[in-house]
Amino acid sequence: CLIGVLDGCVYYNGMYNANRLARSARKAEREGRTFVANGLWGQVATKAESVLVRHPTSKYAHDAGLLRGIALARLGQCEQAMGPLSRLTTASSNSELVEDALLATGRCQLAMGNVAAGSAAFSQLLESNNPERRREARFQQARLLRQAGQHAEALNVLKGQHDLRAAHERMLALAGGGRIKEALALGDSLMAHGDTTKSWDSLVVDLADDNPPAASSL
């Protein structure tokens, strides 16, 4: 009975607050408030670590570790994040947390140059029920396939993706696969869209890596 009471206290005093802060951090990210989001993720990491230190044998310890790893990854501290994230298993009953941890793992593995490990993490999210995680995983997987020269496969992964970032990646894959007319037509439509947030010089450089004539035409 006392164990149940202790676990309840661990949740409400530690994990509840950590999860609440994480929800606020994600909301701030969606709204473009990066500075606020980083501050919140820092608090998440601290709260989750507190649970681990004070209650290492609690049934919430595993989830606290994953949440701490996610928070550190969001802060760009991938070397520190990979410790808790490397213990990722599907043993957690919180599937949302597991998928967030997989996404964080994939991003950090790529940031550290571990392409195969990053791809393995993203591949587990390609059919996620969460549209945001599914979209991010598909974009990253397509980017990796395109960089590996698998342009047709990259285009296949991007099917159904209609945001601007996916469109840019689709253009690169089309050009890399030799479908120049289609790539340039897509480029024209993107420029007509008036996307001032895109660094077009960087896009041209990326395009030149796959197909110099297409980059010159653009």
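The values are calculated or read from the model by the stated rules, or taken from the named source; none is laboratory data. In this text the structure is predicted, and so the values were computed from the model without any measurement. Every residue, glycine among them, receives a Cβ derived from its backbone with ideal geometry; neighbour counts consider all protein chains shown. Note: areas computed on protein heavy atoms with side chains; ligands, DNA, RNA excluded. Shrake-Rupley method; radii C 1.70, N 1.55, O 1.52, S 1.80 Å.
Miscellaneous remarks
- Projecting the Cα atoms of 144, 105, 120 onto the charge dipole of the stretch 99-163 (Cβ charges, centred on the Cα centre) puts 144 farthest toward the positive pole.
- When nucleic acids and ligands are ignored and a 1.4 Å probe is applied, residue 105 ends up with an accessible area of around 20 Å².
- Whole-percent carbon and sulfur share, accessible surface of the stretch 98-173, 1.4 Å: 48 percent
- Kirkwood estimate for the stretch 129-190, i.e. one over the average of 1/r between Cα atoms, Å: 11.4 Å
- Ranked order, 180, 70 - accessible area, probe 1.4 Å, largest first: 180, 70
- Accessible area in square angstrom per residue, the stretch 40-193, 1.4 angstrom probe: 48 Å²
- Protection-proxy order for peptides 158-164, 136-142, 72-78, each taking the mean of Cβ atoms within 10 Å per residue, highest first: 136-142, 72-78, 158-164
- Distance between the stretch 14-91 and the stretch 132-172 - C-alpha centres, whole angstrom: 28 Å
- Relative to the compact-globule estimate of 2.2 N^0.38 Å, the Cα radius of gyration of the stretch 21-114 comes out at 1.02.
- Put simply, the Cα atoms of the stretch 40-93 extend 27, 22, 16 Å along their principal axes, the longest span coming first.
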